[in-house]
Protein chains: 2
Amino acid sequence: MDSFEEASIDIKMEIFEAIEDNYGGVIVNMKKEEPMDFLKFHTMLKASISFWRLKGKKGVWIKLPIELAHLVNAAVKEGFWYHHAEATYLMLVYWIPHEIPHTFPAYASHRIGIGAFVLNQDGQVLVVKEKSGDMTGTWKLPTGVVDEGEDICMAAVREVQEETGIETEFVELLAFRQSHKSFFGNSDLFFICMLKPLNFTINKQDAEIEEAKWMPMEEYASQSKVNQSELTKMIANICVAKKEEQYNGFSALLTTGHSAKKCYLYSHNI
Amino acid sequence: MDSFEEASIDIKMEIFEAIEDNYGGVIVNMKKEEPMDFLKFHTMLKASISFWRLKGKKGVWIKLPIELAHLVNAAVKEGFWYHHAEATYLMLVYWIPHEIPHTFPAYASHRIGIGAFVLNQDGQVLVVKEKSGDMTGTWKLPTGVVDEGEDICMAAVREVQEETGIETEFVELLAFRQSHKSFFGNSDLFFICMLKPLNFTINKQDAEIEEAKWMPMEEYASQSKVNQSELTKMIANICVAKKEEQYNGFSALLTTGHSAKKCYLYSHNI
């Protein structure tokens with residue numbers, strides 16, 4: 001009897017621990033603290049897929065910390081593909097029911113940028129010249145990228161402070177444009193924010209900024225680069241209209257969404 | 001002389017072909033049609049990094065097609081980390097000048113969603129009940145995810161058509177909210193679009209939709225789930241104000257940006 005029991009233990013297949021998601025799928029979080037060799041991972045993966053298939057599971061997610069990069073190829077050999085990666089991990093996916101198309105949700109698709117329209121008490125606009133890029137030699141609005149987890153209105157304030165040393169507060173979102181096939185093929189949203197300056201002495205801090213100054217609005221709007229495309233011309237016109245109090249953008253209101261989560265709603269006040 | 005020449009060929013190190021970027025970096029595009037074993041890749045990578053270091057290069061990008069997944073670990077062993085991944089490839093990065101922080105640009109950070117506010121000639125709103133998710137049992141506006149490369153105004157029209165069979169045209173963008181730490185920790189933008197219906201007979205087509213119908217606006221706005229959070233209440237109030245012609249959102253204007261690239265600008269008409 002003893003030897004029979006041992007034999008049955010020997011053929012028991014090891015299966016990955018997995019969390020069930022709400023869409024009939026399973027999620028495996030591999031731990032960097034638990035090293036595993038390629039062969040063991042590959043064998044367990046095959047056994048686990050068979051097990052999940054029998055249980056009627058659909059999507060399989062495997063999160064592999066970069067410390068386990070030697071296991072990536074085992075998953076790919078079993079038919080997994082890449083869903084997304086961050087600096088420290090790779091997320092792989094596999095769809096068990098081959099007869100129906102997968103329903104894995106998409107990862108982030110857009111990069112978000114801001115342009116800041118800052119007017120001083122004399123109606124002059126805060127402009128910068130960049131050291132590199134397409135706009136060298138042109139006075140332009142301070143711009144920057146909104147980080148993941150950062151509010152658009154806060155990103156505008158931060159970029160202006162970083163590039164020019166001017167402290168501001170957010171006033172209104174004037175307009176935005178969406179474009180496609182930008183950097184890495186990502187889509188791109190660019191929000192024009194009006195900010196109110198709280199100080200006026202420029203202290204250029206960013207190594208990427210050649211010069212920064214206050215400039216008469218008309219001079220800014222008449223630059224050839226600004227008039228080169230319909231888009232930049234329209235944005236300048238919106239800024240001029242705002243300066244003349246002929247335009248109302250969206251306000252930012254900090255509110256509470258689902259599960260008491262704080263978020264900003266950008267809209268007109270009603 | 002012959003044997004000397006052969007010896008000198010033997011110690012010549014192979015270096016990866018690389019494209020120079022505009023920021024002092026190099027980009028290596030590995031080809032899936034050119035298989036390479038782990039050891040050769042690892043050796044060439046070490047030699048290439050030494051070569052690029054001597055040339056004063058900073059950032060190194062390696063794009064590895066999924067067919068070359070067996071090479072991921074060699075790059076990670078040399079100090080590369082993940083920048084991003086799409087279904088068919090993994091992008092790895094390495095920063096040569098360790099004494100200064102890297103300046104690799106971020107990949108996409110936000111997911112974009114839409115909610116569609118569609119009013120018929122009787123002032124009724126188009127609503128759906130979803131089969132799964134947090135809002136089961138509540139009549140809600142049709143919603144969906146904006147794909148990479150898709151315009152927000154077009155995504156709203158597509159989602160309404162897919163979920164209800166109603167053809168529409170985009171009227172205005174009423175408001176949007178930004179929230180953080182949503183799915184996979186991505187940030188999230190959600191745009192409320194007003195659409196004008198071009199037909200009125202509902203033909204529910206989506207397997208995810210339990211029911212769809214036209215509903216009096218007051219009845220929609222009075223649902224307990226809609227009034228559960230300040231955010232959903234405010235969005236409903238904006239829709240009511242729009243119905244009563246007390247609200248103006250942003251129009252979408254197809255325009256031309258840098259390099260004659262078409263894009264939508266969302267703003268008031270001026």
**Complete:** Looking across the range B:87-103 at residues that are open to solvent by 70 Å² or more (accessible area, probe 1.4 Å) and either more than 9 Å from chain A (Cβ to nearest Cβ) or within 13 Å of B:Gly24 (Cβ to Cβ) (or both), the single one that is nearest to the chain's Cα centre (by Cα) is B:Thr103
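With open to solvent by less than 30 Å² (accessible area, probe 1.4 Å) and of a type in the set (D, E, K, R) as the only criterion, which of B:Glu163, B:Glu130 stands out?
Working: B:Glu130 fails: open to solvent by less than 30 Å² (accessible area, probe 1.4 Å).
Step by step, each of B:Glu163, B:Glu130 is checked, and only B:Glu163 is open to solvent by less than 30 Å² (accessible area, probe 1.4 Å) and of a type in the set (D, E, K, R).
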**Message:** I need the full set of residues from the range B:104-116 which are buried (at least 18 other Cβ atoms within 10 Å of the Cβ) and within 9 Å of chain A (Cβ to nearest Cβ), in order please.
**Reply:** B:Tyr107, B:Ala108, B:Ser109, B:His110, B:Arg111, B:Ile112
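Can you tell me which residues in the range B:184-240 are small (Gly, Ala, Ser) and within 30 Å of the chain's Cα centre (by Cα)?
Just the residues of the range B:184-240 that are small (Gly, Ala, Ser), to begin with: B:185, B:187, B:207, B:212, B:221-222, B:224, B:229, B:236.
B:Gly185, B:Ser187, B:Ala207, B:Ala212, B:Ser229, B:Ala236 - these are the residues of the range B:184-240 that are small (Gly, Ala, Ser) and within 30 Å of the chain's Cα centre (by Cα).
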**Message:** Within the range A:180-193, does at least one residue satisfy the condition of being open to solvent by 10 Å² or more (accessible area, probe 1.4 Å) and in contact with a helix residue (DSSP H, G or I) (Cβ under 7 Å, 6 or more places away or on another chain)?
**Reply:** no
**Request:** Just name the residue that is farthest from B:Glu150 (Cα to Cα) out of those in the range B:225-248 that are more than 8 Å from chain A (Cβ to nearest Cβ) and in contact (Cβ under 8 Å) with a residue 40 or more places away in the chain.
**Result:** B:Lys225
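Specify which of the listed residues (A:Lys77, A:Lys129) is away from every other protein chain (no Cβ under 14 Å), farther than 21 Å from A:Glu150 by Cβ and among the basic types (Lys, Arg).
A:Lys129 is the lone residue from the list that is away from every other protein chain (no Cβ under 14 Å), farther than 21 Å from A:Glu150 by Cβ and among the basic types (Lys, Arg).
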**Any strands (runs of 3 or more DSSP E) falling wholly within the range A:156-268 and containing at least 1 residues that are under 18 Å from A:Gln121 (Cα atoms)** = A:168-179, A:187-197, A:209-216
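Yes or no: the range B:41-49 includes at least one residue that is of a type in the set (A, V, I, L, M, F, W, C) and touching a His at 6+ places or on another chain (Cβ under 7 Å). Walk me through how you get there before you give the answer.
From the range B:41-49, those of a type in the set (A, V, I, L, M, F, W, C) are B:41, B:44-45, B:47, B:49; that's our starting set.
Okay, now just the ones that are also touching a His at 6+ places or on another chain (Cβ under 7 Å), so none.
The answer is no, given that none of the residues of the range B:41-49 is of a type in the set (A, V, I, L, M, F, W, C) and touching a His at 6+ places or on another chain (Cβ under 7 Å).
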**Complete:** Given the conditions (1) over 24 Å from A:Ser251 (Cα atoms); (2) open to solvent by 30 Å² or more (accessible area, probe 1.4 Å); (3) over 17 Å from the mean Cα position of the chain (by Cα); (4) at pLDDT 95 or above, every one holds for B:Pro142 apart from (2)
**Request:** Quickly run through the range B:203-227 and pick out the residues that are within 17 Å of B:Lys243 (Cα to Cα) and among the charged types (D, E, K, R).
**Result:** B:Glu218, B:Glu219
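Please verify whether the range B:250-262 includes one or more residues that are open to solvent by 20 Å² or more (accessible area, probe 1.4 Å), on the phi < 0 side of the Ramachandran plot and β-branched (Val, Ile, Thr).
Kept after step one, since they are open to solvent by 20 Å² or more (accessible area, probe 1.4 Å), are these residues of the range B:250-262: B:251-254, B:256, B:258-262.
Those left that are additionally on the phi < 0 side of the Ramachandran plot: B:251-254, B:256, B:258, B:261-262.
Next, only the ones that are β-branched (Val, Ile, Thr) stay: B:256.
So far as the range B:250-262 goes, yes, one or more of its residues are open to solvent by 20 Å² or more (accessible area, probe 1.4 Å), on the phi < 0 side of the Ramachandran plot and β-branched (Val, Ile, Thr).
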**Asked** Filtering the range A:250-260 down to residues that are facing chain B (nearest Cβ under 8 Å) and touching a Phe, Trp or Tyr at 6+ places or on another chain (Cβ under 9 Å), which residue is farthest from A:Met217 (Cα to Cα)?
**Response** A:Thr255
**Request:** For the range A:249-261, enumerate the residues that are modelled with pLDDT under 95 and out of contact with any helix residue (DSSP H, G or I) (no Cβ under 6 Å at 6 or more places or on another chain).
**Result:** A:His258, A:Ser259, A:Ala260, A:Lys261
**Prompt:** Somewhere in the range A:23-35, is a residue of a type outside the set (Lys, Arg), touching a residue at least 24 places away in the same chain (Cβ under 8 Å), more than 9 Å from chain B (Cβ to nearest Cβ) and more than 28 Å from B:Phe183 (Cβ to Cβ)?
**Reply:** yes
**Fill in**
If we keep only residues of the range B:48-58 that are surrounded by 15 or more Cβ atoms within 10 Å (Cβ to Cβ) and closer than 16 Å to B:Glu17 by Cβ, then the residue farthest from the chain's Cα centre (by Cα) is B:Phe51
**Complete:** Those residues of the range B:205-218 which are more than 14 Å from chain A (Cβ to nearest Cβ) and either over 15 Å from B:Val118 (Cα atoms) or aliphatic (A, V, I, L, M) (or both) amount to B:Gln205, B:Ile209, B:Glu210, B:Glu211, B:Ala212, B:Met215, B:Met217
**Asked** Looking at the range B:195-207, which of the residues that are within 25 Å of A:Ala106 (Cβ to Cβ) and out of contact with any Ser or Thr (no Cβ under 7 Å at 6 or more places or on another chain) is least open to solvent (accessible area, probe 1.4 Å)?
**Response** B:Asp206
**Item:** Restricting the range A:65-74 to residues that are open to solvent by less than 20 Å² (accessible area, probe 1.4 Å) and out of contact with any Phe, Trp or Tyr (no Cβ under 7 Å at 6 or more places or on another chain), the residue that is farthest from the other protein chains (Cβ to nearest Cβ)
**Value:** A:Leu68
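Which of the residues belonging to the range A:182-204 are within 14 Å of chain B (Cβ to nearest Cβ) and over 22 Å from A:Cys239 (Cα atoms)? Walk me through it before giving the result.
Initial filter on the range A:182-204 (within 14 Å of chain B (Cβ to nearest Cβ)): A:182-194.
Once the filter is applied, which keeps residues that are within 14 Å of chain B (Cβ to nearest Cβ) and over 22 Å from A:Cys239 (Cα atoms), the range A:182-204 yields A:Ser182, A:Phe183, A:Phe184, A:Gly185, A:Asn186, A:Ser187.
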**Request:** Evaluate the range A:12-20: report whether one residue or more is open to solvent by 30 Å² or more (accessible area, probe 1.4 Å), part of a strand (DSSP E or B) and within 11 Å of chain B (Cβ to nearest Cβ).
**Result:** no
**Request:** Could you please let me know if A:Ile152 is modelled with pLDDT under 95 and among the β-branched types (Val, Ile, Thr)?
**Result:** no
**Asked** Any residue at all in the range B:171-178 that is open to solvent by 30 Å² or more (accessible area, probe 1.4 Å), away from chain A (no Cβ under 13 Å) and closer than 23 Å to A:Lys181 by Cα?
**Response** no
**Prompt:** Can you pull out the residues in the range B:147-183 that are within 13 Å of the chain's Cα centre (by Cα) and free of Cβ contacts under 8 Å to residues at least 12 places away in the same chain?
**Reply:** B:Asp147, B:Gly149, B:Glu150
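The values are calculated or read from the model by the stated rules, or taken from the named source; none is laboratory data. Nothing here was measured: the structure is a model prediction, and the numbers come from that model. Cβ atoms come from the backbone with ideal geometry, glycine included; neighbour counts cover every protein chain shown. With ligands, DNA and RNA removed, areas are computed over all heavy atoms of the protein, side chains included. Shrake-Rupley method; radii C 1.70, N 1.55, O 1.52, S 1.80 Å.
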